[in-house]
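The values are calculated or read from the model by the stated rules, or taken from the named source; none is laboratory data. The shown structure was predicted, so the numbers you read here are calculated from the model rather than taken from an experiment. Ideal geometry is used to build each Cβ from the backbone, glycine not excepted, and the neighbour counts take in all protein chains shown. To get the accessible areas, we keep the full protein, side chains included, count just its heavy atoms, and leave off ligands, DNA and RNA. Shrake-Rupley method; radii C 1.70, N 1.55, O 1.52, S 1.80 Å.
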Amino acid sequence: MNNTTLKTPACLLDKVRAYLEIIYPGQDADTLARKAIAVFEPIHDSLDDSCASAIPLWSEKDIALLTYGNSLMEEENRPLRTLDRFLAEFTHDRFSIIHILPFFPYSSDDGFAVMDYYTVNPSLGDWTDIRKIAGRCRLMADLVVNHTSSRIQWFENFKKGIHPGKDYYVTVDPESDLSKVIRPRTTPLLREVDTTDGPRHVWCTFSHDQVDLDFKNPDVLMEFLSIIRHYLDNGVQIFRLDAVAFLWKEVCTTCLHLGQTHKIVKLMRTLIQAHNPWAIIITETNVPARENLSYFGIGDEAQVVYNFPLPPFVLNTMVTGNSKGITDWLKTMPDTMESNTCLNFIASHDGIGLRPVEDYFSHQEMRQLIDLMKAFGGRISTRALNGRQDNPYEINISLWDAMKGTVHCRKDNFQAERFICAHTIMLGLKGIPAIYIHSLLGTENDYERRENLGSNRAVNRHIWNYPDLCEKLSNPDDHHYQVFFALCSLMDKRKQQIAFHPDAGQTTFNINRKVVAFQRRPDEVVNTFALFCIHNITDQALTIPPKDLPAHWQQAGVDLISEKTVHLDAGLDLAPYQSMWIKMTANHNRIIE
């Protein structure tokens, strides 16, 4: 503890102690609380909840880029330096947030089997490179909190019966009733391991190289609090809690979303914000929508959750030309508090998850979508459930190739238009938008990488040769150029509109099944800032008569995308897959309530 350390506020100590009493009943919660707080000293001098909620954590100017540290490679340069070069040369300040997927030494799963939480993978660079990127924009990093690599030193110590690691992992009697456990894989849950104390069966939610940590041991929690502080000291401001839903295990339960898991997330948020009030926790929980939203707590848990239903809804909408499903779902989305929002995305390093829409898609809709994606080069990953090993879990395909055609025409000439329309919908919706680097670049399926690695997900994890990419981004006839600069133009326009603030209101309209339409409006500004967003999600030109448009959106306005005046009193003409962001002119500023 140094001279800059402030006295621990009593309210913080009480709050942390209260969480720990629930997580670890029977333990000395006061000692644990003081130990946990000490990790995050110095503590920020404003911890009042009302003050914390007044700190602006996001705005309409926030857009995230999702990427691996080695998505771009060039000779004689560290991949992280190449990434920084790309940000400087091409994206400039369009992305205020960059999520670099696990950049630590790992043994499998493209980084999610971490071997050392305190070290940057030398094949990528070092902490100097990470801090440089963190100086350019807000850095999001993964806290792989559920499991470690089986090759980490902790697990070696576990097998030898020495600290640290001796009691770090979940062990279970193989005769235990584990029938209720929910997990996203088909491999055996338990792995037998030889230890100095004899054979032990360790819990492996994801793979036998990813061994689950035992957070019933408070030493494990303290270890991760130290890791969080290390990340903070190296420029990380946003923590993505990977697979956090599986964190706490209890035999004879689903081991999913247990109460202790939620308390640990609340505790982490409290401690992180005590040190840095501008820091954010994002939970990664690829589960049905209602379960996903539970990680907001009552405004005291994750500030941001991944909007997992959005990718399958947008994909299905674009390939069917039918907006009923996404419109009905958007109407059910609850209003979020000012301290909470969603991270909106339609593609990522993982596949397009199907669990979030299990309650929305019929069996026929699901089958139709899966069959189409297979025709476009995708594969389907499955999970174990109720004794079956073939339950669809996610679609593995690049989003560019997923937009090749529709269920009506397996391949057509509207791939680029369909792809851009999908992103325009996402960029307009309530929340913080996030774009995967391979969507930004219009990257195709990488079949060779998929086969070489034996992983379905590798099809959408291409590694670009940077000089080759630069050449393509300099050629106006190349689809990579066209996609990149079309998305950049949309981002530039979006960032100028306060109506796209993540906290601004959203009203969804039922116009017809061929369009997705919604209104965005800041709650505390005059109506002239409102926007009417409408998207033709079909391969046919449409005319929307005035009577079908929402009340008060039947006057003159300006389409911010085309920069043309539109007269809504005469109806709207939309080309195939055309989108409009319409702003009322000054003389017609009344909008629907």
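Identify the single condition in (1) within 18 Å of the chain's Cα centre (by Cα); (2) open to solvent by 10 Å² or more (accessible area, probe 1.4 Å) that ALA422 does not satisfy, given that it satisfies every other one.
Every listed condition holds for ALA422 apart from (2).
Can we say VAL558 is under 26 Å from MET403 (Cβ atoms), of a type in the set (A, V, I, L, M) and in contact (Cβ under 8 Å) with a residue 24 or more places away in the chain?
Details: under 26 Å from MET403 (Cβ atoms): no; of a type in the set (A, V, I, L, M): yes; in contact (Cβ under 8 Å) with a residue 24 or more places away in the chain: yes.
Judged against the criteria, VAL558 is not a match.
Might you check whether a residue that is of a type in the set (Val, Ile, Thr), within 21 Å of HIS438 (Cα to Cα) and modelled with pLDDT of 95 or more occurs anywhere in the stretch 111-125?
Of the residues in the stretch 111-125, the ones of a type in the set (Val, Ile, Thr) are 114, 119-120.
Those still in the list that are within 21 Å of HIS438 (Cα to Cα) too: none.
For the stretch 111-125, residues of a type in the set (Val, Ile, Thr), within 21 Å of HIS438 (Cα to Cα) and modelled with pLDDT of 95 or more: absent.
Could you list all residues from the stretch 399-434 that are in a loop (DSSP other than H, G, I, E, B) and in contact (Cβ under 8 Å) with a residue 40 or more places away in the chain? Steps first, answer last, please.
Just the residues of the stretch 399-434 that are in a loop (DSSP other than H, G, I, E, B), to begin with: 403-414, 429-431.
Residues satisfying the conditions are MET403, GLY405, THR406, VAL407, HIS408, CYS409, ASP412, PHE414, LEU429, LYS430, GLY431.
Only one residue in SER207, SER179 is within 24 Å of ASN286 (Cβ to Cβ), among the small types (Gly, Ala, Ser), surrounded by fewer than 20 Cβ atoms within 10 Å (Cβ to Cβ) and touching a Lys or Arg at 6+ places or on another chain (Cβ under 8 Å), so which one is that? Even if it seems obvious, please write down each step before you answer.
On the way: SER179 fails: touching a Lys or Arg at 6+ places or on another chain (Cβ under 8 Å).
Answer to the selection: SER207.
Just name the residue that is nearest to ILE346 (Cα to Cα) out of those in the stretch 290-320 that are open to solvent by 10 Å² or more (accessible area, probe 1.4 Å) and in a helix (DSSP H, G or I).
So the residue we want is ASN316.
Inspect all residues belonging to the stretch 329-337 and state whether any of them is assigned to a loop (DSSP other than H, G, I, E, B), over 28 Å from PRO218 (Cβ atoms), modelled with pLDDT of 95 or more and touching a Leu at 6+ places or on another chain (Cβ under 9 Å). Please lay out each step first, then the result.
Filtering the stretch 329-337 down to residues assigned to a loop (DSSP other than H, G, I, E, B) leaves 333-337.
Subset that is over 28 Å from PRO218 (Cβ atoms): 333-337.
With the extra rule that they be modelled with pLDDT of 95 or more, the set shrinks to none.
No.
Of everything in the stretch 261-283, what is touching a residue at least 60 places away in the same chain (Cβ under 8 Å) and either in a loop (DSSP other than H, G, I, E, B) or open to solvent by less than 10 Å² (accessible area, probe 1.4 Å) (or both)? Give them in sequence order. Talk me through it step by step, then tell me what you get.
Start the filter on the stretch 261-283 by keeping residues that are touching a residue at least 60 places away in the same chain (Cβ under 8 Å), which leaves 263-264, 266-267, 270-278, 280, 282.
Residues satisfying the conditions are ILE264, LEU267, LEU271, ILE272, ALA274, ASN276, PRO277, TRP278, ILE280, ILE282.
Hey, can you tell me all the residues within the stretch 446-468 that are crowded, with 17+ Cβ neighbours inside 10 Å and more than 25 Å from the chain's Cα centre (by Cα)?
TYR466
For the stretch 467-481, does any single residue satisfy the condition of being in a helix (DSSP H, G or I) and either touching a Cys at 6+ places or on another chain (Cβ under 6 Å) or farther than 20 Å from THR91 by Cβ (or both)? Spell out how you get there, then give the answer.
Filtering the stretch 467-481 for residues in a helix (DSSP H, G or I) gives 467-472, 479-481.
Cutting the leftovers down to either touching a Cys at 6+ places or on another chain (Cβ under 6 Å) or farther than 20 Å from THR91 by Cβ (or both) gives us none.
No, the stretch 467-481 contains no residue that is in a helix (DSSP H, G or I) and either touching a Cys at 6+ places or on another chain (Cβ under 6 Å) or farther than 20 Å from THR91 by Cβ (or both).
Condition check ((1) modelled with pLDDT of 95 or more; (2) in contact with a Leu (Cβ under 7 Å, 6 or more places away or on another chain)) across all residues:
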site	(1), (2)
VAL407	yes, yes
ARG410	no, no
PHE414	yes, no
CYS421	yes, no
ILE425	yes, no
LYS430	yes, no
ILE435	yes, yes
GLY442	yes, no
ASN445	yes, no
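Filter the stretch 186-204 down to the residues that are part of a loop (DSSP other than H, G, I, E, B) and open to solvent by less than 50 Å² (accessible area, probe 1.4 Å), then identify the one that is farthest from LYS160 (Cα to Cα).
Residue satisfying both the conditions and the ranking: LEU189.
Can you confirm whether THR341 is at pLDDT below 95 and open to solvent by less than 10 Å² (accessible area, probe 1.4 Å)? Can you show your working first?
Details: at pLDDT below 95: no; open to solvent by less than 10 Å² (accessible area, probe 1.4 Å): yes.
Here the answer is no, as THR341 does not meet what is asked.
Can you tell me which residue within the stretch 338-368, out of those that are assigned to a loop (DSSP other than H, G, I, E, B) and of a type in the set (Gly, Ala, Ser), is farthest from ASP446 (Cα to Cα)? Steps first, please.
Of the residues in the stretch 338-368, the ones assigned to a loop (DSSP other than H, G, I, E, B) are 338-340, 345-351, 354, 358-362.
Imposing the further condition that a residue be of a type in the set (Gly, Ala, Ser) reduces the set to 339, 347-348, 351, 362.
On the way: SER339: 39, ALA347: 15, SER348: 15, GLY351: 14, SER362: 30 Å.
Among residues in the stretch 338-368 that are assigned to a loop (DSSP other than H, G, I, E, B) and of a type in the set (Gly, Ala, Ser), the one farthest from ASP446 (Cα to Cα) is SER339.
Criterion first (within 23 Å of SER96 (Cα to Cα) and at pLDDT below 95) does ARG494 satisfy it? It would help to see each step written out before you state the result.
Values: within 23 Å of SER96 (Cα to Cα): yes; at pLDDT below 95: no.
Answer is no for this residue.
With of a type in the set (A, V, I, L, M, F, W, C), open to solvent by 10 Å² or more (accessible area, probe 1.4 Å) and either outside any strand (DSSP E or B) or more than 22 Å from ASN292 (Cβ to Cβ) (or both) as the only criterion, which of LEU232, LEU221, LEU225 stands out?
On the way: LEU221 fails: open to solvent by 10 Å² or more (accessible area, probe 1.4 Å); LEU225 fails: open to solvent by 10 Å² or more (accessible area, probe 1.4 Å).
When all the criteria are applied, what remains is LEU232.
Within the stretch 467-478, does at least one residue satisfy the condition of being out of contact with any Asp or Glu (no Cβ under 9 Å at 6 or more places or on another chain) and within 27 Å of ILE380 (Cβ to Cβ)?
no
Working only within the stretch 435-457, note down all residues that are part of a loop (DSSP other than H, G, I, E, B) and of a type outside the set (Ser, Thr, Tyr). Reasoning before the result, please.
Of all residues in the stretch 435-457, those part of a loop (DSSP other than H, G, I, E, B) come to 441-446, 454-455.
LEU441, GLY442, GLU444, ASN445, ASP446, GLY454, listed by residue number.
Counting only residues that are under 28 Å from HIS408 (Cβ atoms), give me the strands (runs of 3 or more DSSP E) lying completely in the stretch 531-588 with at least 3 of them.
Working: elements: 531-536, 542-544, 556-559, 564-567, 572-574, 579-584.
In the stretch 531-588, the matching strands (runs of 3 or more DSSP E) lie at 531-536, 542-544, 572-574, 579-584.
Considering every residue within the stretch 138-157, establish whether at least one is of a type outside the set (A, V, I, L, M, F, W, C), within 23 Å of the chain's Cα centre (by Cα) and surrounded by fewer than 21 Cβ atoms within 10 Å (Cβ to Cβ). Please lay out each step first, then the result.
Narrowing the stretch 138-157 to residues of a type outside the set (A, V, I, L, M, F, W, C): 138, 142, 146-151, 153, 156-157.
This time we only want the ones that are within 23 Å of the chain's Cα centre (by Cα), so: 138, 142, 146-149.
Checking which are surrounded by fewer than 21 Cβ atoms within 10 Å (Cβ to Cβ) leaves us with none.
No, the stretch 138-157 has no match at all.
Check SER562, SER579 and return the single one that is surrounded by 21 or more Cβ atoms within 10 Å (Cβ to Cβ) and either among the hydroxyl-bearing types (Ser, Thr, Tyr) or modelled with pLDDT under 95 (or both).
Working: SER562 fails: surrounded by 21 or more Cβ atoms within 10 Å (Cβ to Cβ).
The match here is SER579.
Have a look at VAL193, VAL170, VAL251, VAL211 and point out the one that is touching a helix residue (DSSP H, G or I) at 6+ places or on another chain (Cβ under 8 Å) and within 30 Å of LEU354 (Cα to Cα).
Details: VAL193 fails: within 30 Å of LEU354 (Cα to Cα); VAL170 fails: touching a helix residue (DSSP H, G or I) at 6+ places or on another chain (Cβ under 8 Å); VAL251 fails: touching a helix residue (DSSP H, G or I) at 6+ places or on another chain (Cβ under 8 Å).
The unique qualifying residue is VAL211.
Among what's in the stretch 491-500 and is open to solvent by less than 10 Å² (accessible area, probe 1.4 Å) and aliphatic (A, V, I, L, M), pick the residue that is farthest from LEU441 (Cα to Cα). Don't jump to the end; show me each part of the working.
Our first condition is that a residue be open to solvent by less than 10 Å² (accessible area, probe 1.4 Å); within the stretch 491-500, this holds for 491, 494, 499-500.
Then keep just the ones that are aliphatic (A, V, I, L, M); that gives 491, 499.
On the way: MET491: 14, ALA499: 27 Å.
The qualifying residue farthest from LEU441 (Cα to Cα) is ALA499.
Checking ARG240 against (1) on the phi > 0 side of the Ramachandran plot; (2) buried (at least 22 other Cβ atoms within 10 Å of the Cβ), which single condition isn't satisfied?
(1) is the only condition that ARG240 fails.
Would you mind stating whether ILE437 is within 29 Å of MET580 (Cβ to Cβ), touching a strand residue (DSSP E or B) at 6+ places or on another chain (Cβ under 7 Å) and open to solvent by less than 50 Å² (accessible area, probe 1.4 Å)? Let's see the steps before the verdict.
On the way: within 29 Å of MET580 (Cβ to Cβ): yes; touching a strand residue (DSSP E or B) at 6+ places or on another chain (Cβ under 7 Å): yes; open to solvent by less than 50 Å² (accessible area, probe 1.4 Å): yes.
It is true that ILE437 is within 29 Å of MET580 (Cβ to Cβ), touching a strand residue (DSSP E or B) at 6+ places or on another chain (Cβ under 7 Å) and open to solvent by less than 50 Å² (accessible area, probe 1.4 Å).
Being surrounded by fewer than 22 Cβ atoms within 10 Å (Cβ to Cβ) and of a type outside the set (D, E, K, R) is the filter here; which residues of the stretch 396-419 pass it?
Scanning the stretch 396-419 gives GLY405, THR406, VAL407, HIS408, CYS409, ASN413, PHE414, GLN415, ALA416.
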